1. Just want to confirm a number: the relative contact order over chain A, from Cα pairs under 8 angstrom separated by 6+ residues, in percent.
2. Taking a spot 7 Å from the Cα of B:Arg75 along the direction of its beta carbon, which residues of the stretch B:95-123 have an amide N less than 17 Å from it?
3. Suppose a student asked you for the relative contact order of chain B, using Cα pairs under 8 Å spaced at least 6 residues apart; what percent would you report?
4. List the residues whose amide H sits under 5 Å from the amide H of A:Ser30, counting only those 5 or more places along or on another chain, with H placed 1.01 Å from N in the peptide plane.
5. Expected output is a single nm value to one decimal: the length gained when fully extending between B:Gln138 and B:Thr59, i.e. 0.36 nm times separation in residues minus the C-alpha distance. What is it?
6. With each label point set 7 Å from Cα along the Cα-Cβ vector, what nm distance links A:Arg89 and B:Ala253?
7. Once the Cα gyration tensor of the protein assembly as shown is diagonalised, what are the square roots of 5 times its eigenvalues, in whole Å and ordered largest first, as equivalent ellipsoid semi-axes?
8. Computed over the Cα atoms, what is the radius of gyration of chain B divided by 2.2 N^0.38 Å, N being its residue count?
Amino acid sequence: MSDTAQLLVDDLHVRFRTPQKLVHAVRGVSFTVGREKVGIVGESGSGKSTVGRAILKLTPANGTVSAARMRFQDIDLAAASETAMLKVRGRRISMIMQDPRHALDPVMRVGEQIGEALDGRGLSRAERRERVLGMLEAVHIRAPKRVYDLYPHEVSGGMGQRVMIAMMLAPEPDLLIADEPTSALDVTVRMQVLAILDELVSTRGLGLMFISHDLNLVASFCDRVLIMYAGRIVEECRAAALGEAQHPYTRGLLASLPRIGERRARLEVLKRDPAWLEA
Amino acid sequence: MIAVQELRVRFGQGAGSVQAVDGVSFDVAEGETFGLVGESGCGKSTILRALCGLNPAWTGAVAIAGAPLARPPGRAFFRRVQMVFQDPYASLHPRHTVNTTLMEPLAIHGMDDRDRRVAEVLLQVGLGPAFRYRYPHQLSGGQRQRLAIARALILEPRVLLLDEPTSALDVSVQAEILNLLSDIRAARGLTCLLVSHDLAVIAHLCDRLAVMQHGRIVEQLDVGMLAGGRTNTAYGTSLLQASLGYDRRLARAGIEEGPI
């Protein structure tokens, strides 16, 4: 899979200046993403979202990003200027955020918002509308014409997330970075949204970087998993083989999960080893 | 210990009103842990808020520890029933130290030996004496939730109402809090009512559970049945399957949108 690597990240570091100290949030992360589903799992503060943002150069102003190499297809992301990034963001690499309620413009109809992603392509109004309706169908919205004219507050969380996926896919990017795309959704709705992502990845040959704190979900959904701890990737494995993970942090996380159908009097509590910070 | 009969809660009036809880009945025996599980908006938290007096607009019959629930519940009620909330960042007073937070309920209820009680409850929830004069912002999420549990326990209640007590926490911290809750429950013989959207948490902590949808209980089952996949309703089954992880075949089948 990595022989057709779309995204290559080599020795990525992100540092944040705060009034108190310099925070080294991402410390030498290297990975590739091909036309596959790659999960990045970690607890809060592990740096997983920071990695996603650094790829699109959306790191806040107090942060500095450095990497030995950071390439996407033919584009050198590490060296790309802000102007060059405008042609990458949304068009080649899209990002799906956690909560559609915060990421959608509340005073703009859903269809027009999706249409904005198609600006600058010389499409007529009618063509643009057709494309948007097609996108809404692609995310399995049954009544696209009706949903087109709704405002974000009129759609449910799951529908909002479908709208966001439609918006992100409208410009036909090659890589999708999804940062906790289903964490704000109910479990049954989550499955529907994942099924849509799954289908789009396989039919359109997209690469998907799936950032999540949910180990179980990533193991069942993705092809490969990267486990982050304190700004580093401590382990990488095939998702199906996560149960055989070697790193004590991964094993500890798995053991601390309550599971249906496997009742234990006590859950194992993760004992953090300072050595993991360097391993 | 807890008996709920035909509980109904309606928000708003007239055409725009919502029947959030629509005739819910269940019983929780002494020492038992009962779970309410369901997706957002199913009414599970609304039930909990009605039971602890935070929402007086309910109808039906509720009895806790043999006494019917009054409106407002009164001081004696809170000696018996305490609540732990979801978000330990919102449920603690930011300008009260751990000590002040724990002393306040003791003062309200005129309990003696306050110093000793505070020290003991801190030890019991795994916060040492070093934490006693800290403020909430000096505590991690897990430590805050321990404090929230300590605040509930300090009045030595017999019933604990838990509203998503671990959903704001990382999994490793969640494991610590779930262990703490099982230990305390065993040590004090508490009766617990646990609300969660996470079936795995419910399966871990509860003896029996009720699956809720649209303000109603669609089925009640014991944890053994849940573990064996023996759910009795289509909704219960889909909730269980969705909680077990992603399954391409099942997910594809359920891809069609729900109500907007």
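Please treat every number below as a calculation from the coordinates, not as lab data. Everything quoted here is computed from the prediction, not taken from an experiment. Don't worry about glycine lacking a Cβ; one is built from the backbone with ideal geometry, like all the others, and counts go over all protein chains shown.
1. Working: 503 pairs, mean separation 66.0, N = 279.
Once normalised by length, the contact order is 24 percent.
2. B:103-114
3. Values: 451 pairs, mean separation 65.9, N = 260.
Relative contact order of chain B: 25 percent.
4. Residues meeting the criterion, in which the H sits 1.01 Å from N, are A:Asp11, A:Leu12, A:Ile233.
5. Contour length minus the Cα-Cα distance gives 24.3 nm.
6. Result for the modelled spin labels: 4.3 nm.
7. Ellipsoid semi-axes (Å, largest first): 42, 29, 22.
8. Values: Rg = 19.1 Å, N = 260, 2.2 N^0.38 = 18.2 Å.
Output field value: 1.05.
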